[in-house]
Amino acid sequence: MIRPLLLTLFLEAAMVIAWSSGFIGGKLSAATPGVFLVLFWRFFLAALALAPFVVLAIRRGMTARQFVDQAIVGLLALLVYLAAGLKAIELGVPLGLAALIAALQPLATAALAGPLLGERAGGRQWLGLALGFVGVALAVGGTADTAPTWAYGLCLLGMIGLVLATLFAKAREDSTAILPALGIQSAVATLVFLVLTLAEGQLRPPMTADFALAVLWFIVFSTLGGYGLYWICLKRSTATRVASLIYLTPPVTMIWAWAMFDEALTAAGLAGFALCLLGVALARQRPAAPAGCPQT
């Protein structure tokens with residue numbers, strides 16, 4: 001059907017743009033007292049705004065298992081992925097290398113989706129995933145190494161957190177709507193980021209335009225947009241296909257940075273973007289899905 005296909009393509013494109021906004025939010029957070037403080041208020045306010053949807057879902061019959069499932073997804077995708085990755089960057093891991101480690105997610109997801117979900121990747125799909133990774137490497141370019149060795153383990157831990165959240169959410173395939181799901185996930189993230197923020201010594205938000213913009217940006221574009229569209233796309237497609245879209249986020253972030261902060265677009269970055277597009281296009285060409293996995 002043409003319309004479902006066009007809708008899927010639109011949602012996937014919107015997800016890539018919204019997911020990329022998280023890196024811009026990180027740049028906006030640089031002008032604030034601390035990124036954990038921003039993330040606490042991001043998830044606290046998001047959880048507060050989404051609380052009515054959670055209450056409504058519970059009244060309509062949300063089960064304890066569904067609630068716990070969303071809490072687990074929140075711990076893995078919102079807490080482990082963000083906290084570990086951002087702490088690694090704070091410890092000195094260059095953004096380019098952090099992006100490369102994060103870009104292992106589609107390959108790791110594809111490798112595990114076969115035995116765990118029955119989503120078998122074909123040769124063309126593996127080629128596309130490999131090309132996408134090379135494209136990301138080309139786009140981010142070389143960076144200096146200034147971090148302790150164990151900090152790279154945090155990058156790897158963050159990547160694994162998102163992989164596990166993706167596979168877990170796809171395996172469960174429950175009927176929880178996106179808004180109450182995000183509400184539960186944000187509430188769980190709020191509790192842990194509260195501890196991390198207090199450990200840094202400050203919980204009171206500074207009354208500045210920079211802080212308000214960073215928090216608002218994260219809530220609208222990254223939480224509701226990025227994560228919301230990620231879970232919507234995952235419900236409509238396979239874990240491997242959705243994960244492959246992550247390859248497009250570093251190059252799209254480069255375009256965000258050019259438009260908002262006048263950062264230069266390099267020839268290597270544009271070439272990497274083209275290679276990422278080719279890789280994602282190849283990764284989308286997959287064999288027929290097994291029973292229970294929707295064709296898109």
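At a glance:
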item	result
Test result for ALA47, in contact (Cβ under 8 Å) with a residue 40 or more places away in the chain and under 17 Å from the mean Cα position of the chain (by Cα)	no
Of all residues making up region 113-125, the number that are at pLDDT 70 or above, surrounded by 16 or more Cβ atoms within 10 Å (Cβ to Cβ) and of a type outside the set (Gly, Ala, Ser)	1
Any hit, region 195-203, residues being crowded, with 20+ Cβ neighbours inside 10 Å, among the polar types (S, T, N, Q) and either touching a residue at least 12 places away in the same chain (Cβ under 8 Å) or on the phi > 0 side of the Ramachandran plot (or both)	yes
Which listed residue, of THR223, THR249, is buried (at least 18 other Cβ atoms within 10 Å of the Cβ), at pLDDT 80 or above and in a helix (DSSP H, G or I)	THR223
Hey, LEU56 under 20 Å from THR223 (Cβ atoms) and either within 21 Å of the chain's Cα centre (by Cα) or outside any helix (DSSP H, G or I) (or both) or not	no
Count of region 192-225 residues which are under 18 Å from ALA71 (Cα atoms) and under 12 Å from the mean Cα position of the chain (by Cα)	2
Set VAL54, VAL68: member being modelled with pLDDT of 70 or more, among the hydrophobic types (A, V, I, L, M, F, W, C) and surrounded by fewer than 16 Cβ atoms within 10 Å (Cβ to Cβ)	VAL68
Residue selected from region 59-97 under the condition assigned to a helix (DSSP H, G or I) and of a type in the set (Lys, Arg), by the criterion nearest to LEU179 (Cα to Cα)	ARG59
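The values are calculated or read from the model by the stated rules, or taken from the named source; none is laboratory data. Being a predicted model, the structure only gives us computed values, none of them experimental. Don't worry about glycine lacking a Cβ; one is built from the backbone with ideal geometry, like all the others, and counts go over all protein chains shown.
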